[in-house]
Amino acid sequence: MPRRVKIGDIIEIPTAKGLAYAQYTHKHQQSPHYGALIRVLDGLFESRPKDFADLVKKRHRFVVFFPLGAAVNRGIFSVVAHGEIPEEARSFPIFRSGFIDRDGKVDNWWLWDGEKEWDVGKLTPEQRALPILGTVNDTGLIYWIESGWTPETDSR
């Protein structure tokens with residue numbers, strides 16, 4: 001029987017560099033095709049922590065949409081705990097997006113708050129820290145975790 005993931009669930013992500021963890025924070029009702037919004041927590045671990053309370057209180061590395069239900073039901077990742085979502089992660093984040101040109105760059109960015117979008121052109125340093133709109137699969141998610149990727153370091 002498929003397991004239903006719930007807001008607040010903490011997911012274990014096995015990587016070649018250790019165990020990573022993410023917390024399911026939002027399901028966007030108007031755009032269900034994006035999947036679950038997860039916040040990837042900071043750190044890699046040799047073994048599963050006994051308690052996740054302190055880990056979920058810390059700032060996350062990045063947030064991204066991910067097909068969480070499918071990954072859990074296929075046994076790719078597993079739910080290992082449930083925790084309260086910290087105050088600073090409860091609001092739906094503002095995302096940045098743009099069309100990537102053939103050189104792999106974005107010349108004109110826009111922002112989206114889950115309901116409306118607006119053009120901003122070039123990004124400010126503060127806007128570079130915003131999550132990038134899109135959905136990542138398990139291979140991409142693991143690569144981002146192992147490589148230390150963050151929205152600020154993204155080359156677009």
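The values are calculated or read from the model by the stated rules, or taken from the named source; none is laboratory data. Note that the coordinates shown come from a computational prediction; the quantities given were computed from them, not determined experimentally. Counting neighbours? That spans all protein chains shown, and the Cβs are built from the backbone with ideal geometry, glycine included.
Odds and ends about this structure:
- Of 95, 45, 77, 62, all but one fail to be in contact with a Gly (Cβ under 6 Å, 6 or more places away or on another chain) and of a type outside the set (Gly, Ala, Ser); the exception is 45.
- Qualifying position, being modelled with pLDDT under 95 and hydroxyl-bearing (Ser, Thr, Tyr), among 24, 34: 34
- Considering 98, 140, the condition of being without any contact (Cβ under 8 Å) to a residue 24 or more places away in the chain, surrounded by 14 or more Cβ atoms within 10 Å (Cβ to Cβ) and not aromatic (Phe, Trp, Tyr) is satisfied by 140 alone.
To keep it simple, each residue is scored yes or no on (1) more than 23 Å from residue 133 (Cα to Cα); (2) of a type in the set (Gly, Ala, Ser).
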{"site": "23", "(1), (2)": "no, no"}
{"site": "48", "(1), (2)": "yes, no"}
{"site": "67", "(1), (2)": "no, no"}
{"site": "72", "(1), (2)": "no, no"}
{"site": "78", "(1), (2)": "yes, yes"}
{"site": "85", "(1), (2)": "no, no"}
{"site": "89", "(1), (2)": "no, yes"}
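- Residue identified as under 13 Å from the mean Cα position of the chain (by Cα), surrounded by 11 or more Cβ atoms within 10 Å (Cβ to Cβ), free of Cβ contacts under 8 Å to residues at least 60 places away in the same chain and under 22 Å from residue 5 (Cβ atoms) among 86, 131, 49, 93: 93
- Under the condition of being in a loop (DSSP other than H, G, I, E, B) and more than 17 Å from residue 156 (Cβ to Cβ), the residues counted in the range 113-127 number 4.
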